[in-house]
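The structure appears below as structure tokens.
What follows draws every value from the coordinates through simple rules; no lab data is involved. Keep in mind that what you see is a predicted model, and the values were worked out from it rather than measured. All Cβ positions, even for glycine, are placed from backbone atoms using ideal geometry, and neighbour counts span all protein chains on display.
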Amino acid sequence: MARYSGPVCKICRREGMKLFLKGERCLSDKCAFERRPYPPGEHGRRRIKPSEYQKQLREKQKVKRTYGLMEKQFHGYYKKAARKKGITGEHLMIMLEPRFDDVIYRSGFAFSRPEARQLVRHGHFTINGRRVNIPSYRLRAGDIYAVGEKSKASERIKEAALATSKGEVPEWLDVDAKNATGKVRDLPTREQISMPVKEQLIVELYSK
């Protein structure tokens, strides 16, 4: 199945929360979710009590669509998390958060995860001095990432870094917006991941 390329604002409305897939637009009054906070379609305004399966599916879709993953790719992460000792849902979230494209977005070098994924693919960033163009690459504690020398002149990256320097960066990351570099202080804990999702419902869905 091909990657979704339709209007992403419909995804936020379908999942009932902002997934920040449009970057700056999500923070403005043009945000479709702010104007129409109900599912798309002619029956979107109907209030129907969701089944347990629907609740579980929606939680999975929220996480999958937030990180921009295909079903097979997401299921692969789940299987790896299930093999670890401890709480499977927490392991799943902790495995997704240090992805290279997510770290770039969290650090403020892009306005959205889709934009971060595109920038990584085009080779605008390095890890420990080496160019990496794989969005799914998982960073480890101590890794240093930076905007490539030729990419530091990019106005888009400068604008994003400036906007983030005024906001919040996850505490598991150290970001120097002025020098366009960052460091993974440590892998995140579930409490440090701000996504409002009930990952236990995902575990219940896959456990059937």
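Annotations for the structure displayed:
- For segment 54-162, trypsin sites (Lys or Arg not before Pro) meeting the loop criterion (DSSP other than H, G, I, E, B) and having at most 14 other Cβ atoms within 10 Å: ARG83, LYS84, LYS85, ARG140, LYS152.
- Global form of segment 54-198, assessed from the alpha-carbon gyration tensor, a/c cut-off 1.5: prolate
- Shape class for segment 100-184, computed from the alpha carbon gyration tensor (a ≥ b ≥ c): rounded, with a/c under 1.5.
- When the listed pairs LYS150/LYS183; LYS72/LYS158; LYS64/LYS208; LYS60/LYS158; LYS72/LYS198 are checked against a 24 Å cut-off, the alpha-carbon distance exceeds it for LYS72/LYS158; LYS60/LYS158.
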